[in-house]
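Structure, as structure tokens:
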């Protein structure tokens, strides 16, 4: 498919590349990464550009790879009056995202107790297939949680107000209406609060080495203030609840495309006008699932604090475990951007893409207002993660969005064929990373070599300027679902 | 084909041979198209697995075509036991991504992508 470089790090596929495209598509990448981009990504992002009411170019971030409907790493903005909303642009795991916690502890303090700590975390944070959460919910409580997200956790004593202000949109998206959620979604979600799940979801103990801090001032503002500091990273989402909401509405939207006469190139792009009963019902149900995911990561954070208190025999104040940030990377949000010279209200779809608001933007906690939003990027279990900061350029060019991870290059099946889970575990332990996994076979699917080189992907977004490097976080202990 | 797809789904999660039959669930579904029925059938199994925390190994299915398609099934399996069921990964959703049902000389062939 035809593409041309329009500036350093950005390639454009013109509207003439495929019949029905309403806007061009743009690939954010680097000279080396663009060569390995698969054809599926180009097909999928140009399919997105064909959807009605798309307000500007359909974008794909440097970690982009083949998904269902949208590519993973896909970002698109649709007019709230003329455009659509599509579950295929959000993902089955609604508000899959990251939570990063800082601590006062250092590597020397944690290393001797790491096995004990991991065992405790593995006991407090249920992981794997068929696990049950530790917070029993009545129907009424679950509905309240769907509406109020982190605010519900604060009222239940599971979160602090400080946690709440360090979450994207304070962990409470609206409008959220439990009346738009099916009984099936309710049934799947009600017993899973505080569980990690499986697949690529994890809880990681990480260290911030001095040489891996690229912007010491911003790092300090984000709470990284001592050498060899220990941080805790959580990657998970809305569990069965979000998956059921997506499954339910995929069926609703399959009928809606016929009702509204919308032409789609892929059944996973089933959608409805945002301003239609079907579109609004999904948006309200999606927000319920997103609030559930924020609460899920919060309950996990609550249990992480418990585990640290138990193992180190210190108080919360002494441990200083606080939320640096919590951000979604599978979500649709109503936001305003200047597109074609005029301000437009759009529903931004981020599918495997993270919000990246720059300094001075609304919805930033006052403590970060002048440095920009923390952007949390999860790498593979072996390569580590990154803490970035959002930029004004992202708000100008990419509807306030950036990448979300390293991006897969090998399928789970291929990864599993290349290494056994127990061998990978030994290899990681030799490299100083302890692992507790609910499934050894599942572990092999997440081997580092199954992903793109995260350093290269981060370098690309930093150079393009849609987020900037603050620090790299190296894993020392991993709990995998 | 519906039984084979169901068995394939649970084979992704664990070894089918490790699942015993001690509970039975009933499924009753209707759809206008065969592929939509296959999607609904597999999505229903994912739902039952999560809600009851069970794995299934036996699928007795009756399929009728009359004004669309009607599937009635008895699904046999048991509660997930982490000591006996060595799970590989979970199946979280069924997708329409490249979903295809083909008629072949020996029956039907289906291609389904699952979200893990």
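For this structure, a couple of remarks:
- Checked against the criterion of being in a helix (DSSP H, G or I), in contact with a helix residue (DSSP H, G or I) (Cβ under 7 Å, 6 or more places away or on another chain) and surrounded by fewer than 17 Cβ atoms within 10 Å (Cβ to Cβ), the candidates A:281, A:310 yield just one match: A:310.
- The one condition from (1) within 14 Å of another protein chain (Cβ to nearest Cβ); (2) buried (at least 22 other Cβ atoms within 10 Å of the Cβ); (3) in contact with a helix residue (DSSP H, G or I) (Cβ under 9 Å, 6 or more places away or on another chain) that residue A:145 does not meet is (1).
- The listed residue being farther than 14 Å from residue B:9 by Cα, surrounded by 19 or more Cβ atoms within 10 Å (Cβ to Cβ) and within 13 Å of the chain's Cα centre (by Cα), out of B:71, B:42, B:55: B:71
- Residue within the stretch A:248-256 that is more than 9 Å from chain B (Cβ to nearest Cβ), buried (at least 24 other Cβ atoms within 10 Å of the Cβ) and touching a helix residue (DSSP H, G or I) at 6+ places or on another chain (Cβ under 8 Å) present: yes
- The number of residues in the stretch A:174-188 that are assigned to a helix (DSSP H, G or I), crowded, with 20+ Cβ neighbours inside 10 Å and more than 14 Å from chain B (Cβ to nearest Cβ) comes to 1.
- Cross-chain or 6+ apart pairs with Cβ under 9 Å, the stretch A:388-401 first and surrounded by fewer than 23 Cβ atoms within 10 Å (Cβ to Cβ), then at pLDDT 95 or above and in a helix (DSSP H, G or I): A:393/A:464; A:397/A:464
- Subset tally (residues that are more than 8 Å from residue A:447 (Cβ to Cβ) and part of a helix (DSSP H, G or I)) for the stretch A:406-420: 5
- Here residue A:265 meets each of (1) surrounded by 21 or more Cβ atoms within 10 Å (Cβ to Cβ); (2) in a loop (DSSP other than H, G, I, E, B); (3) within 14 Å of chain B (Cβ to nearest Cβ) with one exception, condition (1).
- Just one of the listed residues (B:37, B:48, B:116) is within 12 Å of chain A (Cβ to nearest Cβ), under 25 Å from residue A:200 (Cα atoms) and touching a strand residue (DSSP E or B) at 6+ places or on another chain (Cβ under 6 Å), namely B:48.
- Residues that are crowded, with 20+ Cβ neighbours inside 10 Å and farther than 27 Å from residue A:40 by Cβ within the stretch B:86-106 comprise just one, B:87.
- The number of residues in the stretch A:221-247 being surrounded by fewer than 18 Cβ atoms within 10 Å (Cβ to Cβ) and under 26 Å from the mean Cα position of the chain (by Cα) comes to 2.
- Which listed residue, of B:70, B:97, is away from chain A (no Cβ under 14 Å), under 22 Å from residue A:255 (Cα atoms) and either touching a strand residue (DSSP E or B) at 6+ places or on another chain (Cβ under 9 Å) or not in a strand (DSSP E or B) (or both): B:70
- Residues of the stretch A:123-139 classified as crowded, with 19+ Cβ neighbours inside 10 Å, in contact (Cβ under 8 Å) with a residue 12 or more places away in the chain and within 13 Å of another protein chain (Cβ to nearest Cβ), total: 6
- Any chance residue A:204 is more than 14 Å from chain B (Cβ to nearest Cβ), within 22 Å of residue A:355 (Cβ to Cβ), touching a helix residue (DSSP H, G or I) at 6+ places or on another chain (Cβ under 6 Å) and not in a loop (DSSP other than H, G, I, E, B): no
- Which numbered condition residue B:83 fails, given (1) under 30 Å from residue A:420 (Cα atoms); (2) within 12 Å of chain A (Cβ to nearest Cβ); (3) at pLDDT below 95: (2)
The values are calculated or read from the model by the stated rules, or taken from the named source; none is laboratory data. What you are looking at is a predicted structure, and each value in this text was computed from that prediction instead of being measured. In this analysis, Cβ positions are derived from the backbone assuming ideal geometry, glycine residues included, and neighbour counts consider all displayed protein chains.
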